[in-house]
Each structure stands twice: as structure tokens, then as C-alpha cells.
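To start, the structure itself, in C-alpha cells.
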Amino acid sequence: MGGILAAPFGWLMKGCYLLVNNYGIALLIFTVITRLITLPLNIKQQRSTARMSMIQPEIEKLKQKYGKNQEKLNEETMRLYSEYNINPMASCLPALIPIILLYAMIPVVYKPLTYITGADKNNIDADSKFIQSAYVISTEVDTGDQTLAKLLEGISVEERPAKIEEIIKSDENKYKNSAKLLTTLTAEEKDRVMKALSESEGFDTFLSNETYFTKNIMQNHYGPEVLFFNFYNKEDGRYLDLLHDDVQQEIMDFNYTAFGLDLGKIPTKSDATVMIPIISCVLQLVTTIISQVFQKKNNPAFKMQTSMLVMFLLMPLFSLWIGFKFPCALGVYWIYSSAFAVVQVVFLNMFYSPAKIQELAAKDAEKAKERRKKKGPSFMERAIEVRNEQGPNAPSIKDAKSRYDDDEDDDDGSDGDKKLTKAQQKELNRKKLNEARKRYAEKYGDEYTEE
């Protein structure tokens, strides 16, 4: 699913990168474009939220009047929404957009060579599997004072691949991941891994260096592609030629940096990358605070539910935690996104002031009335009217049709004249419902078919 969502974002990111030839700047352009695309949804959410706040006093009156009759309260509330042309679900989609964008961005951040460069995708995948396989063996063998180089001392280069396999199979409990790996590789893949570990001196210690190849990325299902750049940037690039030629060229040409930072690196407390998750967290917190300040200013009676407040506070903390688990590129994207969100919140709340919202709400309500004159009442208003015509003992709108379309008889009632059986009561209710539907059809000029 993530790959499907990532494809169009990958095309957009590729276009941004080709424009500036820097991933960090391309990420900024990408963020601005996606935020501008979703801005109309955010405006709609702002208007809907403001209008919902405006009718809260009327909703409170309905609660006081129909508090003991939940069904009637729901009906009148929906009638009120229809009167003011309010969709209570309008704010749900905009709230999901940032999550969808983030979910789609993760593969693009993890696999820049796949989504942005022209390198052969099969070669990239093959190199990813090669690096992961060599990593598994290197990290299992290189423990403490023991290294693969020491275990292979005195062994000729030609004999080393067989010796490595022999070492692994000699103690499959100790090297269980490596032993399992060897059973899954093709002969060609195994030969490539063994040759690299045998002929490239220090390759095993290079891979087992956690500064270069972090465990959480190497074991991630997206693969180690984001760490390919270490083959060029670290150890004087002496292991770069172990990768396919087109992949090598793209790595050398690709500018995967921002503000002088390597975006493929996982943030750590030991260098400047520590600021990326922190700045991301602070900006999200600022966005939340500013939003609540404007909300309180525009609607003094507004009180945020505890569950909503907890969620707003947890999101910045979540971004702080996840910022130390993913490459810097994702944190930088989050910073850009949060900075844009701050500007957006200020803009929307200044532009859509209470007076402006009241003016727009009045226009929307007038449009809704004109629409009702031309097209008749909404479905919910018609349904409420049909139900009201049936009297206080009428079935609920939700299940009226399903209850009375069921023609199954129940003969366990009495035969007396004063008390109807369940089947007779069902038939009577069905007739009453059809009569109400008929009156409704005659009133609004609809076609009526008795059920």
C-alpha cells in the first residue's frame, strides 16, 4: 500500500530534485506544493469547524430540550446541520491528509535512488539484498575481539568463501541468522557475498560499524538503500565498486544533503543531527498552541475534550520519538511541514475571523434555503417529516424500512379483538408507513410505489 501511495509522490519529488539538484531543497519545494494542493481542504475544514462552533449554543438548547430522547435529539441536530449547510464529517479528511502524506513519504525518503534517479531498479534491489546479506554475516561473526579477518588468517583468497561457509555451518546455533540466510540465497547471490567478504579487506568491519549501518535501517523492510551513500562518503569510497555500475554513478551524482547534513543518517545525540527531531517536535507543539489560542479567541465558550487535548500533545512527542528512528530526511520533511502549518494556522484564523465566518455562514444558509426551494428538502429532512407524520409510536428512521419490509409472520399472539397479534401489528405498521410515504410522494411530486 505504501508503495502505491509513494509512486506519484516519487514522480513529484523527482521533478523537484531535477529542478534544484539538491534533495533538501527539493524536499522543501515538495512540501510547499503538497501543502498548497491540500490548502482548499484545510480552508473547508476551517470554515466547517468555525460554523460548528457558531451553532453550539443551539445544539446545547436541543440537548436540554430532547436530552432524554436521543433519537429525537439526533434528528433535530441533523435538521440544524442541514439548515446551516454544515457537514459534520467535513473536518475528518483534512485531518487525515498529513498522515497519508507522511505514510507516502517514508518510502521516498528510504529509497531515493529508486524513486528519483535513473538507476536500474533490479540492480538497486540486487545491491540491497547483497548488502543486507553481507551485513548479517559480518555482524554475527564480528563479535568482540573476533573478526572475519582473524578467522581467515593463513587461508588463501580462493579458499576463503568455502571457509566462511564452513565456519557458519560448524556452529549453526551461534550463527543461526547466517545459516538461515545461506539457505535462501541463490548460488549467484551467495558467490557475490562470499567473494566480497573474502577479497575486500575490512568489508565486514565496515558493514558492522553502527555509525555507518544502523540496525533499525538494515533490518527495515524498505532495505538499506538510504545507506548506499556511505559506500561513497565513508572509507574513501573504496567499497563503492562492489555495487552495480549504474548505481555507483547515481550515488556519486546524487546530492542527498540539507544544511550540510547527510539526510541518510539517523539522528544521534553526538552531532548536529540531534536538532532535527527537537525542532520538529517544537514546531508541532507551537502549531497546536497557536491553534488553541485562536480557537479560544474566536469562540470563548469552546472547551476542548480531554481526549482531544491528549492527542494534540502526544503528536509532537511522537514526532520526537520517531525522529530518532528514521533518517534525517524524514525529520527535515516534518520540520518543513510543521513550519508551513504554523503559517497556515495564522493565515486561516486571521482571514476567517468570527465576523467573516458569520457572514459566510449566513450566505451558506441562504444558499441552502434557495436549494431547498428548487430541489425540495434534503433526504434527512424528508425522512424526519415522514416519521413525524406517523406519530410518536412510529419506528425509527434508521430501521423503519428494514423492519416493515420483513413479511415474515409470527402467530404466537392471542385471537382476541382487543389485542393484536405481532403479525397483525406488523401489518398495521406497514400500512401506516406506506400511507406516510404516499403523502410524502404527493407533496413533493415523487413517484410512489407501495411496498
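The values are calculated or read from the model by the stated rules, or taken from the named source; none is laboratory data. Quantities reported herein were computed from a predicted structural model and do not represent experimental measurements. Note: ideal-geometry Cβ built from the backbone for every residue, glycine included; neighbour counts use all protein chains shown.
Residue check, GLN248 against (1) surrounded by 17 or more Cβ atoms within 10 Å (Cβ to Cβ); (2) in contact (Cβ under 8 Å) with a residue 60 or more places away in the chain, all met but one. Which one?
Going through (1) surrounded by 17 or more Cβ atoms within 10 Å (Cβ to Cβ); (2) in contact (Cβ under 8 Å) with a residue 60 or more places away in the chain one by one, GLN248 breaks only (2).
So the check is Cβ under 7 Å with 6+ separation or different chains; which pairs have a first residue in the range 218-244 that's at negative phi and a second one that's among the hydroxyl-bearing types (Ser, Thr, Tyr) and part of a helix (DSSP H, G or I)?
Final answer for the pair search is MET218/TYR135; TYR222/TYR110; PRO224/SER128; GLU225/TYR110; GLU225/THR114; GLU225/SER128; VAL226/TYR110; LEU240/TYR232.
Can you pull out every residue in the range 131-164 that is part of a loop (DSSP other than H, G, I, E, B) and farther than 22 Å from TYR212 by Cα? Walk me through how you get there before you give the answer.
Our first condition is that a residue be part of a loop (DSSP other than H, G, I, E, B); within the range 131-164, this holds for 142, 144-145, 147, 152-159.
Of everything in the range 131-164, those that are part of a loop (DSSP other than H, G, I, E, B) and farther than 22 Å from TYR212 by Cα turn out to be LEU152, GLU153, GLY154, ILE155, SER156, VAL157, GLU158, GLU159.
Taking the criterion of being part of a loop (DSSP other than H, G, I, E, B), without any contact (Cβ under 8 Å) to a residue 40 or more places away in the chain and surrounded by 14 or more Cβ atoms within 10 Å (Cβ to Cβ), would at least one residue in the range 181-194 satisfy it? Walk me through it before giving the result.
Filtering the range 181-194 for residues part of a loop (DSSP other than H, G, I, E, B) gives 185-186.
Those still in the list that are without any contact (Cβ under 8 Å) to a residue 40 or more places away in the chain too: 186.
When the remaining residues are screened for being surrounded by 14 or more Cβ atoms within 10 Å (Cβ to Cβ), the result is none.
No; the residues of the range 181-194 include none that is part of a loop (DSSP other than H, G, I, E, B), without any contact (Cβ under 8 Å) to a residue 40 or more places away in the chain and surrounded by 14 or more Cβ atoms within 10 Å (Cβ to Cβ).
If you go through the range 255-272 one residue at a time, do you hit one that is part of a helix (DSSP H, G or I) and either without any contact (Cβ under 8 Å) to a residue 24 or more places away in the chain or over 23 Å from TYR115 (Cβ atoms) (or both)? Let's see the steps before the verdict.
Of the residues in the range 255-272, the ones part of a helix (DSSP H, G or I) are 272.
Filter once more, keeping what is either without any contact (Cβ under 8 Å) to a residue 24 or more places away in the chain or over 23 Å from TYR115 (Cβ atoms) (or both): 272.
Scanning the range 255-272 turns up at least one residue that is part of a helix (DSSP H, G or I) and either without any contact (Cβ under 8 Å) to a residue 24 or more places away in the chain or over 23 Å from TYR115 (Cβ atoms) (or both).
Would you confirm whether or not the range 218-229 contains a residue that is under 20 Å from LEU197 (Cβ atoms) and over 33 Å from the mean Cα position of the chain (by Cα)?
Initially, the range 218-229 is screened for residues under 20 Å from LEU197 (Cβ atoms), giving 218-219, 223-224, 227-228.
When the remaining residues are screened for being over 33 Å from the mean Cα position of the chain (by Cα), the result is none.
No, the range 218-229 has no match at all.
Here is a yes/no grid of residues against (1) aliphatic (A, V, I, L, M); (2) modelled with pLDDT of 90 or more; (3) assigned by TED's automatic domain parsing to the domain that holds TYR135; (4) farther than 30 Å from MET275 by Cβ:
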{"site": "PRO161", "(1), (2), (3), (4)": "no, yes, yes, yes"}
{"site": "LYS190", "(1), (2), (3), (4)": "no, yes, yes, yes"}
{"site": "VAL193", "(1), (2), (3), (4)": "yes, yes, yes, yes"}
{"site": "SER200", "(1), (2), (3), (4)": "no, yes, yes, yes"}
{"site": "PHE231", "(1), (2), (3), (4)": "no, yes, no, no"}
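Before we move on, is PHE30 modelled with pLDDT of 75 or more and closer than 26 Å to GLU189 by Cα? Explain how you work it out, then say what you get.
Working: modelled with pLDDT of 75 or more: yes; closer than 26 Å to GLU189 by Cα: no.
The answer is no for PHE30.
Only one of (1) loosely packed, with under 13 Cβ neighbours inside 10 Å; (2) closer than 16 Å to ILE100 by Cα fails for LEU18. Which number is that?
Here LEU18 meets the rest and fails (2).
Within the range 335-351, can one find any residue that is at pLDDT 90 or above, surrounded by 16 or more Cβ atoms within 10 Å (Cβ to Cβ), of a type in the set (Val, Ile, Thr) and in a helix (DSSP H, G or I)?
The answer is yes, given that some residue of the range 335-351 is at pLDDT 90 or above, surrounded by 16 or more Cβ atoms within 10 Å (Cβ to Cβ), of a type in the set (Val, Ile, Thr) and in a helix (DSSP H, G or I).
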